[in-house]
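The values are calculated or read from the model by the stated rules, or taken from the named source; none is laboratory data. These figures come from a predicted structure and were not determined experimentally. Please note: Cβ atoms are built from the backbone with ideal geometry, for glycine as well, and neighbour counts cover all protein chains shown. Accessible surface areas use protein heavy atoms only, side chains included; no ligands, DNA or RNA. Shrake-Rupley method; radii C 1.70, N 1.55, O 1.52, S 1.80 Å.
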Amino acid sequence: QTLYSGLAFSHDGKHVYASMGSTSDPEGDGAKKLGNGVVVFGFQDGRIVRERMLKIPLQRLAPGRTTMEVGGVKGNQGVPFPAAISVVGSTGAEKLLVADNLSDDALLMDAATGKIEKRFDLSQSNAVPSTYPIDLAVTKDGSRAFVALWNASEVVELDLKRRIVARKLALLPPVLLTPEA
């Protein structure tokens, strides 16, 4: 279990959101093993203090997609492993957009309750993970987001108002080398 690469401040500066992931125990036991999700920190007497954990459950994959075994999980559920985090929305109604590295998706979550409001499926094959969403950025007006797909050499544009995957922007696709005869 580890604090991973995602870190974001709430708009009012009163909270810090940090990604936590585990490949060996993604669901956790709720006590010492927290599983995967977003840890919410606050500030008290000049110190950062842990307030709560917004757990991210295993993600149901689209029909025909299968998880490569991660943490003992295989089958039709993707293992969440939050990477990047961005805060969208206004103070008091904030949402978290999370790049979910091992389940090939991005999640729009309520920052207060952790409820997943939308799952954006970013997979490109029947084997998950395959695209590995690793980073994201949200436009200043919060209407669009761009998610970097590490293993796909693409950036995906999300329309956050309509809650759809708008388009995929190819970068430098890998060149497949063939052995010479």
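Below, the figures for the structure above:
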{"read-out": "So Ala18, is it within 24 Å of Thr131 (Cα to Cα) and either part of a strand (DSSP E or B) or open to solvent by 60 Å² or more (accessible area, probe 1.4 Å) (or both)", "value": "yes"}
{"read-out": "Within segment 114-124, tally of residues that are touching a residue at least 40 places away in the same chain (Cβ under 8 Å) and not in a strand (DSSP E or B)", "value": "3"}
{"read-out": "Unmet requirement for Ala148, which otherwise passes all of (1) under 12 Å from the mean Cα position of the chain (by Cα); (2) at pLDDT below 90", "value": "(2)"}
{"read-out": "Given (1) closer than 26 Å to Ala8 by Cα; (2) buried (at least 18 other Cβ atoms within 10 Å of the Cβ); (3) of a type in the set (A, V, I, L, M), number of the condition Ile48 does not satisfy", "value": "(2)"}
{"read-out": "Candidate set from segment 87-104 (those that are part of a strand (DSSP E or B) and open to solvent by less than 20 Å² (accessible area, probe 1.4 Å)); member that is farthest from Val39 (Cα to Cα)", "value": "Val88"}
{"read-out": "Selection count, segment 105-127, where residues are of a type in the set (Gly, Ala, Ser) and surrounded by fewer than 16 Cβ atoms within 10 Å (Cβ to Cβ)", "value": "3"}
{"read-out": "Residue list for segment 1-18, filter: at pLDDT below 90 and of a type in the set (S, T, N, Q)", "value": "Gln1, Thr2, Ser5"}
{"read-out": "Residue identified as surrounded by 10 or more Cβ atoms within 10 Å (Cβ to Cβ), polar (S, T, N, Q) and modelled with pLDDT under 90 among Ser143, Ser153, Ser130", "value": "Ser153"}
